[in-house]
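K.L.:
Handing you a structure now.
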There are 6 protein chains.
Amino acid sequence: MVTRGILIGRFQPPHKGHIEVSKQILREVDELIVGVGSAQESHTLENPFTAGERILMISKGLAEAGIDLSRVHIIPIPDVKNHAIWVSHVVSLSPPFSAVYSGNPLVKRLFKEAGFKVKAPPMFKRKEYWGAEIRDRMIKGKNWEQLVPKTVLEVMKEIKAAERLKDLSKTDYLLS
Amino acid sequence: MVTRGILIGRFQPPHKGHIEVSKQILREVDELIVGVGSAQESHTLENPFTAGERILMISKGLAEAGIDLSRVHIIPIPDVKNHAIWVSHVVSLSPPFSAVYSGNPLVKRLFKEAGFKVKAPPMFKRKEYWGAEIRDRMIKGKNWEQLVPKTVLEVMKEIKAAERLKDLSKTDYLLS
Amino acid sequence: MVTRGILIGRFQPPHKGHIEVSKQILREVDELIVGVGSAQESHTLENPFTAGERILMISKGLAEAGIDLSRVHIIPIPDVKNHAIWVSHVVSLSPPFSAVYSGNPLVKRLFKEAGFKVKAPPMFKRKEYWGAEIRDRMIKGKNWEQLVPKTVLEVMKEIKAAERLKDLSKTDYLLS
Amino acid sequence: MVTRGILIGRFQPPHKGHIEVSKQILREVDELIVGVGSAQESHTLENPFTAGERILMISKGLAEAGIDLSRVHIIPIPDVKNHAIWVSHVVSLSPPFSAVYSGNPLVKRLFKEAGFKVKAPPMFKRKEYWGAEIRDRMIKGKNWEQLVPKTVLEVMKEIKAAERLKDLSKTDYLLS
Amino acid sequence: MVTRGILIGRFQPPHKGHIEVSKQILREVDELIVGVGSAQESHTLENPFTAGERILMISKGLAEAGIDLSRVHIIPIPDVKNHAIWVSHVVSLSPPFSAVYSGNPLVKRLFKEAGFKVKAPPMFKRKEYWGAEIRDRMIKGKNWEQLVPKTVLEVMKEIKAAERLKDLSKTDYLLS
Amino acid sequence: MVTRGILIGRFQPPHKGHIEVSKQILREVDELIVGVGSAQESHTLENPFTAGERILMISKGLAEAGIDLSRVHIIPIPDVKNHAIWVSHVVSLSPPFSAVYSGNPLVKRLFKEAGFKVKAPPMFKRKEYWGAEIRDRMIKGKNWEQLVPKTVLEVMKEIKAAERLKDLSKTDYLLS
């Protein structure tokens, strides 16, 4: 019987912490499902990258770390307005899984109420592995490049990720 | 001719103030419609309870106060994106009504523009009967239990309401 | 422990068959939940009546049959695009229930897959108690009035139900 | 006081009948609102053209007929799932109007129930001025060009309207 | 070949700055498209006016300034959840255009990524021509009337715009 | 430079024809994207299986055929109401691609209008490789098992696929 664990995050952007967690999960289960949350969001300060961009970056980052992609499913998960149906929504989009990994209190609570076993990935106390910290550094022109895998960085350069974030952070002085 | 009044709130959670207002309205009209606003919301700090949980709590709280439930309709009302159609939306979901009771400025304004008579329920200046105050006390572990009817409290204990709110209030330190 | 059963239909319109089934269910459980399906629909040949109109008619029809309304919850249930989340959606809108009553194959299948006990109400082979048959007779000006409870008929006359259906059945000869 | 009438259709495509009706309405009111219904639809056999394409064609067709465009508002109206709120929806999208012109039974019924005066445009019994007839001729390669204004025809040629319809009418023999 | 430029804003409310920009654009292109953004929004502090009200005000304001309305298309543009599809959405709702005018960083970024030429309208550094400033003055009862065209002011008085904003700005002391 | 082709279908269910086409595409491009259309649909006669079930079946079927899954991305694509934005929607959900493979006339037309190169997969004239044919045989209890890969058949047995389809095909004799 194949065992599967799902790691749910927004991956804005995927960083080395995500890769590390993925490796750990793959020691515990046969297959890893990466649930790309808020999949419908992009081009905002909180969610700068499209689902497609994130899927590409995640698969490259995992491959770079030597993870066998045939053991991984990457699934975009759009938000639903009604949190009470969110677990069903994830279940309907994904191959079946028995373990849930997330650091998000809402995600954890919803799966817990639905009777799932939820595990908080054991690390990332270090602020560098917060997506918010990385996005903030990108806007301010601070050092962030070493926080993401090399192949992820390549994609981000190709899509001019930092320029996008800086553009989006400008004040709208006008027409409203 | 049956007269009906609609009381619109979010009931997160229903409290003694809501029950008091309901009694008053039932002195003025034959039937009370309880419009459960933001019905699609749940599991957030602002809207922790599902529509179903709120409907159950409201019906129990009203019965506990000796209100004849055959004079009451409880109607979940999901939000609509476009406020300009919200009154039509409520009208389409509810038995016909002639009076509207709400303390919410937007609700009052929209019904006023649509030509309805809107009444602000005459009490609740007292902060204890704000839903926000109750939710805040639940998170902080302060005294809140006496602010809701006994039967409502029972439901809240059964669904571990305080635990849910505390869980949701935790910081998301991680994966994004 | 209160037991509850949910009867799910579209009630376009509520008819004597629905009332009969409701009575039967209330012999088996403490409280009846009437789930008014496709609640967002109205003014079509399949779904001529708004949720509000249906709720009013159902509550009157049940009261006319001597059913104690304090044992009944009437809940409008809007459709969701994704059937796989529909059971969660119903559960989130309704007080908790342990038995499901429906004649609709999709409803039955979805609840069955979710692990619920589903019962097909035991009657209604008789075509007169099909909503479709009643609507068809209304359009064609045939005899239908005796198929619905007297109080339901009153509401239908007040809202000019037959005229609405006839209007909607006219051919659109023009502007498109 | 400016008087306004709204003509509601889908304009798939706009044809000489629509222009004729527009002229008549502008004899009765100061300003004409053209409500482009099912605005979100395009690239189907029923609704081949986008809202933007239809707006462009309508404005050209009206100008060609010598109608002063400063007396006309063209407003795209996306469908709403809930018919009971549709009139509010139209009202919220449009400058205020006092008369409604439509041949569609649902549109007429909804505005009538909302207390509006609805007029059926007095012509178009002739099948050539049905959008469905024109679309059918386009697919079958029959004569249709003389049924639309010359400037509309120009736009349709530019966007290869007939090719689009023929493509969409092909059978999907495969992947599902 | 007709050239068209689109000016995208929310027009909450339209003000003299908008009119000025419109004039400038009409010196550069044959036809002006006014894209009324967040069209589905109304009755909030950020977006107090419906799309219909804004369309009426814009057309009056432009006419008052002597602009030939037959050179103008006013198109309501509802928001879409997914920014990555927003440019397609605008394109599908509007007659074709070659130049985009907006001061909004997101709008500019999205059109830039889609390969459009985006121009920032050259003025409006002056705070008086910010919609937010005007709405703020309306709430506080400060001087704002001279910032909008006379005909726009007339509409705003007719719909009691200031009263609406003041009502919406009241605190919701109660039912939640 | 990595080249990618996208194969768009509904995969209700995935069959040997899909696998064959996938192999062919992987001879022409470096990576294959499998776009699982109408991802939000399930439990209907047209779309019996959830996106999650289809993703699982597709990945197993491809692996069974010896295809290296690290060269494949499987992306669920929910429908959008507005066809005119559908291509943008697909692009935003998927890693970048240069070739599109589909037999669906709408899909082909939309990508063609957006400037993409669209290829019709060269086979499948044989009716056995139509999803509709397979679903029809499942309902009628005819021979269908040999039309899908062995591993797909296993999943279908596990989720009782034939029973689901038969259940859904029953007549709704009752409550409406």
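The values are calculated or read from the model by the stated rules, or taken from the named source; none is laboratory data. Because the structure is predicted, anything quoted here is derived from the model rather than measured. Every residue, glycine as well, gets a Cβ built from its backbone with ideal geometry; the counts of neighbours run over all protein chains shown.
K.L.:
Output the residues belonging to segment A:72-92 that are free of Cβ contacts under 8 Å to residues at least 24 places away in the same chain, of a type in the set (A, V, I, L, M, F, W, C) and closer than 18 Å to F:I55 by Cβ.
P.N.:
A:V91
K.L.:
Another one. Looking only at segment F:25-34, count every residue that is within 14 Å of A:I74 (Cβ to Cβ) and of a type outside the set (D, E, K, R) and tell me the total.
P.N.:
Summing the residues that are within 14 Å of A:I74 (Cβ to Cβ) and of a type outside the set (D, E, K, R) in segment F:25-34 gives 2.
K.L.:
Follow-up. Of the residues that make up segment B:63-71, is at least one within 12 Å of the chain's Cα centre (by Cα) and without any contact (Cβ under 8 Å) to a residue 24 or more places away in the chain?
P.N.:
No: zero hits.
K.L.:
Still on this structure, I have one more. Does F:F49 qualify as being touching a residue at least 24 places away in the same chain (Cβ under 8 Å) and over 22 Å from F:A132 (Cα atoms)?
P.N.:
no
K.L.:
Moving to a separate point now. Enumerate the helices (runs of 4 or more DSSP H) found wholly within segment C:1-111, keeping only those where 2 or more residues are of a type in the set (D, E), crowded, with 21+ Cβ neighbours inside 10 Å and away from chain F (no Cβ under 13 Å).
P.N.:
none
K.L.:
If you go through segment A:126-134 one residue at a time, do you hit one that is buried (at least 16 other Cβ atoms within 10 Å of the Cβ), under 28 Å from F:Q40 (Cα atoms) and more than 8 Å from every other protein chain (Cβ to nearest Cβ)?
P.N.:
No, that holds for no residue.
K.L.:
For the list (1) under 30 Å from F:G115 (Cα atoms); (2) in contact with a Ser or Thr (Cβ under 7 Å, 6 or more places away or on another chain), I need the number of the one condition that E:I77 fails.
P.N.:
Evaluating E:I77 over (1) under 30 Å from F:G115 (Cα atoms); (2) in contact with a Ser or Thr (Cβ under 7 Å, 6 or more places away or on another chain) leaves (2) as the failure.
K.L.:
Something else about it: Please determine, by comparing only the residues of segment D:63-89 that are over 22 Å from D:L26 (Cα atoms) and among the charged types (D, E, K, R), which one is modelled with the highest pLDDT.
P.N.:
D:D79
K.L.:
Residues to consider are D:E41, D:E28; find the one that is over 22 Å from E:L32 (Cβ atoms), in contact with a strand residue (DSSP E or B) (Cβ under 7 Å, 6 or more places away or on another chain) and of a type in the set (D, E, K, R).
P.N.:
Of D:E41, D:E28, the one residue that is over 22 Å from E:L32 (Cβ atoms), in contact with a strand residue (DSSP E or B) (Cβ under 7 Å, 6 or more places away or on another chain) and of a type in the set (D, E, K, R) is D:E28.
K.L.:
Just give me the residues in segment A:148-172 being surrounded by fewer than 20 Cβ atoms within 10 Å (Cβ to Cβ) and more than 10 Å from every other protein chain (Cβ to nearest Cβ), in sequence order.
P.N.:
Passing the criteria: A:K150, A:T151, A:L153, A:E154, A:K157, A:A162.
K.L.:
Right, something else. Using the structure shown, decide if A:P121 is within 8 Å of another protein chain (Cβ to nearest Cβ), in a loop (DSSP other than H, G, I, E, B), under 17 Å from the mean Cα position of the chain (by Cα) and farther than 16 Å from A:R54 by Cβ.
P.N.:
yes
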